[in-house]
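See below for the structure under consideration.
The values are calculated or read from the model by the stated rules, or taken from the named source; none is laboratory data. All values derive from a computational prediction rather than experimental measurement. Neighbour counts run over all protein chains shown; Cβ positions are idealised from the backbone, glycine included. These area figures cover heavy atoms from the full protein model, side chains too; ligands, DNA and RNA do not enter into them. Shrake-Rupley method; radii C 1.70, N 1.55, O 1.52, S 1.80 Å.
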Amino acid sequence: MSDIDSLPPLREVIATHDLRAEKKLGQNFLLDLNITDKIAAAAGDLSHATVFEIGPGPGGLTRSLLKAGAAKVIAVEYDKRAVDALQGLVEAASGRLEVIHGDALDIDLLALLIPPTQGNHVLVANLPYNIATPLLIGWLKQIRKNPESYQTMVLMFQREVAERLVAVPGTKAYGRLSIITQWLCTAKRQFNLPPGAFTPPPKVSSSVVRFTPKTLPDNAPSFDAIGRLTAAAFGQRRKMLRSSLKDYADIMEKTDIDPTLRAENLSVDDFVRLADH
Ligand code: SAM
């Protein structure tokens with residue numbers, strides 16, 4: 001048995017540190033280590049990876065990442081009670097786990113690597129749902145600047161958000177988030193979890209999505225250019241492009257994009273071609 005296996009069960013850690021779930025911190029804990037093992041496994045071989053985890057809470061997923069052989073885990077947690085509750089795991093991990101008390105929205109994770117290390121950077125998290133989208137957008141911006149920022153991201157979202165991330169053209173879920181995500185990454189849903197998998201159960205189902213950053217050509221559009229274009233196109237989702245994208249009339253003609261289509265009919269590549277000019 002590893003030192004990690006000899007730690008008290010998560011329910012005991014929660015009780016000892018009075019880690020009652022706070023709704024405003026999006027605290028829906030995973031206490032079944034079979035599930036957290038499955039999330040860690042979705043990230044692939046971690047033996048050369050620095051894994052960033054957002055919101056370790058009582059540390060179920062953190063245990064799984066360490067047991068899966070992660071070279072290093074850097075976990076950022078906002079709740080001081082959880083930071084304290086994780087100290088036993090920090091000791092058991094013998095130098096492989098660092099817990100940082102802070103707000104993930106304010107922290108540049110890659111700047112925590114001092115000096116910049118070789119090896120893979122992987123992000124794995126059961127995200128607090130109230131800030132999951134802004135966190136993802138921040139990481140996607142980093143990936144646009146450097147596709148090697150993260151080799152893989154394995155992230156839990158509420159199911160409805162996960163559906164938008166992987167949506168295909170012509171569907172209701174297809175929109176800005178789908179385009180920005182799929183422009184920069186290959187995004188695949190791994191599995192769904194019902195509310196009852198969490199303690200306490202959230203109101204909605206959840207899904208784990210795995211992202212693999214793509215290498216873009218040197219002349220790829222900027223993040224802001226795609227952001228502006230998709231905002232204009234989906235701001236008036238039901239309108240034809242000739243009305244929602246008036247400023248892009250010439251480009252639509254040059255790129256042979258039919259102005260009588262609606263935003264949801266264009267592929268990710270179509271948006272990239274439009275933003276490219
Ligand atoms: N990883 C744990 C698990 O799977 O059981 C907890 C996941 S829970 C859905 C989200 C975690 O994110 C909580 O521990 C919460 O305290 C933490 N959190 C919430 N807001 C945060 C923020 N702004 N920065 C860092 N952590 C945050």
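Would you mind finding the one in Gly88, Gly138 that is surrounded by fewer than 22 Cβ atoms within 10 Å (Cβ to Cβ), touching a residue at least 60 places away in the same chain (Cβ under 8 Å) and either part of a helix (DSSP H, G or I) or near the ligand (Cβ under 10 Å from one of its atoms) (or both)?
Numbers: Gly138 fails: touching a residue at least 60 places away in the same chain (Cβ under 8 Å).
After applying the criteria, what remains is Gly88.
Yes/no matrix, rows are residues, columns are (1) under 18 Å from Pro56 (Cβ atoms); (2) at pLDDT below 95; (3) assigned by TED's automatic domain parsing to the domain that holds Ala75; (4) within 13 Å of the ligand (Cβ to nearest atom):
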| residue | (1), (2), (3), (4) |
| --- | --- |
| Ala92 | yes, no, yes, no |
| Leu105 | yes, no, yes, yes |
| Leu110 | no, yes, yes, no |
| Thr117 | no, yes, yes, no |
| Leu123 | yes, no, yes, yes |
| Pro128 | yes, no, yes, yes |
| Ile131 | yes, no, yes, yes |
| Pro134 | no, no, yes, yes |
| Ile143 | no, no, yes, no |
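Count, please, the residues in the stretch 72-84 that happen to be outside any loop (DSSP other than H, G, I, E, B) and within 10 Å of the ligand (Cβ to nearest atom). Can you show your working first?
From the stretch 72-84, those outside any loop (DSSP other than H, G, I, E, B) are 72-77, 80-84; that's our starting set.
Now drop any that are not within 10 Å of the ligand (Cβ to nearest atom), which leaves 75-77, 80-83.
Summing the residues that are outside any loop (DSSP other than H, G, I, E, B) and within 10 Å of the ligand (Cβ to nearest atom) in the stretch 72-84 gives 7.
Considering only residues that are at pLDDT 95 or above and open to solvent by 40 Å² or more (accessible area, probe 1.4 Å), which ones fall in the stretch 146-165? Spell out the reasoning first.
Keep residues of the stretch 146-165 that are at pLDDT 95 or above, which gives 150-165.
Within the stretch 146-165, Gln151, Gln158, Arg159, Glu160, Glu163, Arg164 meet the criteria.
Within the bounds of the stretch 222-233, is there any residue that is assigned to a loop (DSSP other than H, G, I, E, B), more than 16 Å from the ligand (Cβ to nearest atom) and open to solvent by 30 Å² or more (accessible area, probe 1.4 Å)?
Let us first name the residues in the stretch 222-233 that are assigned to a loop (DSSP other than H, G, I, E, B), namely 222.
Filter once more, keeping what is more than 16 Å from the ligand (Cβ to nearest atom): 222.
Remaining after also requiring open to solvent by 30 Å² or more (accessible area, probe 1.4 Å): 222.
Checked the stretch 222-233: at least one residue is assigned to a loop (DSSP other than H, G, I, E, B), more than 16 Å from the ligand (Cβ to nearest atom) and open to solvent by 30 Å² or more (accessible area, probe 1.4 Å).
Quick one: in the stretch 48-71, which of the residues that are closer than 16 Å to Asp37 by Cα and polar (S, T, N, Q) is farthest from the ligand (Cβ to nearest atom)?
Ser64
Search the stretch 16-71 for residues being assigned to a helix (DSSP H, G or I) and among the small types (Gly, Ala, Ser), and hand back the single one that is surrounded by the most Cβ atoms within 10 Å (Cβ to Cβ). Break it down into steps so the answer makes sense when it comes.
From the stretch 16-71, those assigned to a helix (DSSP H, G or I) are 16, 23-25, 33-42, 60-67; that's our starting set.
Filter once more, keeping what is among the small types (Gly, Ala, Ser): 40-42, 60, 64.
Values: Ala40: 25, Ala41: 14, Ala42: 17, Gly60: 23, Ser64: 23.
Per the criteria, the residue is Ala40.
Consider Ala15 carefully, then state whether it is closer than 13 Å to Val124 by Cα and in the same structural domain as Arg81 (by TED's automatic domain parsing). Lay out the reasoning, then the answer.
Values: closer than 13 Å to Val124 by Cα: no; in the same structural domain as Arg81 (by TED's automatic domain parsing): yes.
No, not satisfied.
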